[in-house]
Every structure is written in structure tokens, then in C-alpha cells.
Amino acid sequence: MTGLSKDGSPITAVSQGQPLSGELFACVNCHRHSGLGTSEGGYQVPDITGPTLFSPIEVKQRELYAERTEGFYTRPAYTRESLRTAITHGISTNGNTFSKVMPRYQLSQSQADALIDYLSTLDYSNPPGVSADNLQLATIVTEGTSKEKKLALINTLNQFFKEKNAQTRHEVRRVKYSPWHKDWHYDNYRHWQLNTWELNGDPSTWQAQLQRYYDANPVFAVVGGTSHLGWNPISSFCEAEKLPCLFPDTDLPPSKPGHYSIYFSAGMSLEARRIIHFLKKNLQYDKVIQITGKDPRGAVATEELQKRISKLQNRITFEKLAFSELLNTPTRILENSARNLYVLWLTEAELKHWPTGIDISKSRTILSSTLLDRRFNQIPGRLSQTSWLAHPYSLPGDSGRRIRSKAWIYARKIVTPYDKLQSNTYLALSVLTESMMHIRSNFSQDYLIERIEHMLENSPETSVYQRLSLAPGQRFASKGSYLIPLTEVNVSPKIARQYWAVPEL
């Protein structure tokens, strides 16, 4: 995983005759976390899992036309000794020399034995949640989710599963009569079974609840789900169980996500970082005043922004004010200065009660698109004319971005006010479907994550986000955000590009 030896010193990797640090050539970089390999630059990085290494490979003649490797098409099974030779000297079990892209690792006998022991454990013959006919999947709904929102999620999932399983019935029959070049294409089809895991009570109890659900019925992956509160306890559970958690609808993902969870975006943290990006570019501001309502997402964003402001080189003072305090003190006057930046972490309902006597028109004011639920028509007149918007989504005028999901939801007559949740859920399920097709019969949860990393950017599905892409190790698919005047949110995407940025992590 790291290219380091047990004592922390780098392994030496020889590449094209040059000794280099093993940290640059850790096995995981090419063969991936699963050990099942990938393709890169015309090279096919092979499977190095135990069952594959210690079994012979006999490629059928009909598959030869698709090969793009520089290697050979058959080989006998490795033994421990021949595998040690392959790793350290680049000689295959059939006596052929490996491609020059494969480093030769300078390992001691004990290091080589430890590595071979580990490779022997990479066996996906008995994955959780997978039987000969069924694939168990879960979705998660937490405390604080309204009945209407939960119903929107479940209806979308159930409809997709119904149609997916109807298609699967045809594919299972088709495999018996498939053409020779397609028999691999259908052998991973399973009937999808949805499990809804509802979490109640304090978030500190969620991991225990999840463990009971999982022990009673293990699942292969968690897909979608929704929470108004933080996702940290769920993420911790998924990491502990090595359980993929794919694209939940949450605005409060962990700040440092683990290996097994993939998110649409960093949520409120992304909006806070976009404001920091703005402050670094505009040095005239010397004070930031944050006004926070009752929504827990606003409290998280406030703390994130305050922490990052304190690390800026240009000294900026900051102040935090509860919106309730402002409402309870009608005579309070906010400083109306061009050197002040106000950030209003307020919902649409709270903004309706903005005191009419308070004027901050000379100050720059920023609102949160997420807390406003991407609805801007109820913002009080004065604020709507002078405020800017932290908006990590596509713009309202870019309606074509969700044509697939909107058409699918409309045709099934399951339209609800929760269009973001339904669009996100539809995209998560579509990406899962495509990824499951490409893992063939390698039911590895690590490999599922890797396939999503590899193919998300080229997926035909679109979402409420401007652009989705992943690379190995990345866990937030949408990385940028607009910071745009409210008066210009309906301009063309071409004009709006000047307000888009990808802030530093």
C-alpha cells in the first residue's frame, strides 16, 4: 500500500535500471486496492489476487483480439518461489520478461514472503450480500428526515429496482444463449434486493444500529440515502466494515472521507472554502461577520469558515452572531461598511424574517444556496438586490443538465418537491448499475469503488452539480462552486464562468 518496509524505510524499486523509492511505486498505484488491476495508457495492469496468481491462465482464442498488453496470453500457475522471482526480478512463471513498466522490487526473503502472504488473502469468492441469484443493497435514512422526503427517496429507489430487476430477468435468460464474445457480459447479473436502514435517536447510537442491521442481513453496498445531520457515524461504520457507501444525499460529509465512501460534494465545507478563496483574491475585507440560524448545517459551515479565516496570512477579524439574537434585539445596528463581509447561514424561512430596519447594503453579503434549498424567489428585496450566492451546483438556467433524471421521474409519476434528492438518487443508481456490469463476476467491494472512480467522468448521467469526476483516492465528485451575484444567477453558463472556482482543500 505504501512502498515502505516494516520499519518505515522505503523499499527500493528498480525501474528501467534506475533504483527509485518504493513510495513512488507502491503496488496499489497500479494494481489498485483490490489487486484486480486496471488499464492505463494502453497497458492492462493484471489481476494479482491469490486465486488468479496460483491458478493457470488459459485465455480463450476468441479473446485474443481484445488484448492490449505486451505480455503473453497463457501462463502456468505461480508457486511461491516463482512469484518471488517475478516480484524481484521481473521474470514470469513461464520464463518471459515482464514489460518495462513493471518495477523490480528489492525485497528480502522475509519481505517477499510477507507480501506473498498478503496477496494470498485477496480472495473475493465469498463477498457479503451476494448469492448465486441476489445482490443485497441498503439505503440509509436518519433521524430528522421528514416522512415526505423519506417517501420521495424510497419511491425513487423502489421504481428503479423494479425496472432493473425486470431487465435482469431477461439478461439471466440471455446468458444461456449469448454469443461467444458476450458470455462474460451477463454472468454478474443478480436480482437487486433493497434494505432500508432507518436510524433513530442520537447520532452517537447510529453505529450500533447499523451493526445490528448489517449482522442480520449483510449487504454488498449502501447506495443513496439521506440525512439532515452529519454523516460521520455512518462513514465510520462503512470504513470499519469495508462497505461501499455510494453518493448519499448529505450536506455534512466527513471532512476527511475514508476509502469506502464516495460523495457528490463536500457540502457546507465546500461553500466555506469557496468564501475563503474569495477572501484570498479580495484583500480589502478586514472583518467577517457570520450570522447563523437554527439549521445544524449552518453551524458546521460557521465553524469551518472561522477555522480557515484564522489561518489566513492577511489578518481578518471575525464575529459570530446568532440570528435569534438579532431578532430579539430590534434596536441592534449592524456595521454597514465596505470593508465588512457578512455571511448569512440562514434558511429560506429564516430570511423571510430579516429585520427590515437593518441595512448592510454597503457590505458584501453572501448567502448559502444549500440552506436556501436552491430557491431564491423568497429572499427579501434589499438582500436579493445586493447579496451574492455560494452555489456549488449548476445554475438554474442550465436546465438541460438533468434532462435524463427529470424525464425518468416525470414519466414514472413520482415527482416531488425534493428534486435534488431524487436526481442524486437516480444518478447514484445509474452509476452503480453501469459499474456492476463492468466488474464482471469480480464481486469485490474495492473493485466496485475503483470502477466508479474510473468511469464516473464519462457517465452519460447528469445531476444538479456542474461537473462530476473522480480519480484514484478522490472522494468528492463535485469540487467547484460559484460565488455569484444573486442578480446574475440566470445568466448564460458562458458568462457565469467568471464566478466559478475550485477552492483549495
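The values are calculated or read from the model by the stated rules, or taken from the named source; none is laboratory data. Given the structure is predicted, the values throughout are model-derived calculations rather than measurements. We place every Cβ from the backbone using ideal geometry, glycine too, and count neighbours over all the protein chains shown. Protein only, heavy atoms only, side chains kept; ligands, DNA and RNA dropped before computing areas. Shrake-Rupley method; radii C 1.70, N 1.55, O 1.52, S 1.80 Å.
Listed values, structure above:
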{"quantity": "Accessible area expressed per residue, the stretch 286-345, with surrounding protein chains retained (probe 1.4 Å, Å²)", "calculated": "53"}
{"quantity": "Stokes-Einstein diffusion coefficient of the chain, Kirkwood radius over Cα pairs, 20 °C, 1.002 mPa s, in µm²/s", "calculated": "84"}
{"quantity": "Approximate spin-label separation E148-D202, in nm, with each point projected 7 Å along Cα-to-Cβ", "calculated": "3.1"}
{"quantity": "Cα gyration tensor shape of the stretch 260-302, rounded if a/c is under 1.5, else prolate or oblate by comparing a/b with b/c", "calculated": "oblate"}
{"quantity": "Signed unit charges on C-beta, dipole axis of the chain, positive-most listed residue H191, F278, L312", "calculated": "F278"}
{"quantity": "Computed over the chain: relative contact order in percent, which uses C-alpha pairs under 8 Å that are six or more apart", "calculated": "13"}
{"quantity": "In range of the label at D286: residues from the stretch 307-343 whose backbone nitrogen is under 20 Å from the point 7 Å along Cα→Cβ", "calculated": "309-320, 334-343"}
{"quantity": "Size of charge dipole - the stretch 372-505 - debye, nearest 20, with Cβ of Lys, Arg +1 and Asp, Glu -1, no other charges", "calculated": "460"}
{"quantity": "Signed unit charges on C-beta, dipole axis of the stretch 335-440, positive-most listed residue T356, S369, L429", "calculated": "L429"}
{"quantity": "Distance between modelled label sites at K162 and R440, nm, 7 Å Cα→Cβ extension", "calculated": "3.5"}
{"quantity": "The chain, accessible surface, carbon-and-sulfur percent (1.4 angstrom probe)", "calculated": "51"}
{"quantity": "Per residue solvent-accessible surface (Å²) - the stretch 369-408, probe of 1.4 Å", "calculated": "45"}
{"quantity": "Neighbour cut-off at most 16 other Cβ (10 Å), DSSP loop, GluC sites (Glu not before Pro), the stretch 70-150", "calculated": "E70, E143"}
{"quantity": "Unsatisfied cross-links (Cα-Cα over 25 Å) in the set K280/K479; K242/K413; K281/K307; K294/K320; K294/K352; K287/K479", "calculated": "K242/K413; K287/K479"}
{"quantity": "S15 paired with S236, simple spin-label distance in nm, labels 7 Å along Cα-to-beta-carbon", "calculated": "3.8"}
{"quantity": "Loop-located GluC sites (Glu not before Pro) in the stretch 401-463 whose Cβ has at most 14 other Cβ within 10 Å (DSSP)", "calculated": "none"}
{"quantity": "Lys/Arg +1, Asp/Glu -1 at C-beta; the chain dipole; positive extreme among N442, G201, F237", "calculated": "G201"}
{"quantity": "Size of charge dipole - the chain - debye, nearest 20, with Cβ of Lys, Arg +1 and Asp, Glu -1, no other charges", "calculated": "1360"}
{"quantity": "Net length gained if the chain between T121 and I316 were fully extended (0.36 nm per residue, minus Cα distance)", "calculated": "64.9 nm"}
{"quantity": "Cα gyration tensor shape of the stretch 245-328, rounded if a/c is under 1.5, else prolate or oblate by comparing a/b with b/c", "calculated": "oblate"}
{"quantity": "0 to 90° range, to nearest 10: angle between helix 109-121 axis and the chain longest Cα axis", "calculated": "70"}
{"quantity": "J(HN,Hα) series, the stretch 295-300, from Karplus relation 6.51 cos²θ - 1.76 cosθ + 1.60, nearest Hz, glycine and proline x", "calculated": "5, x, 5, x, 5, 5"}
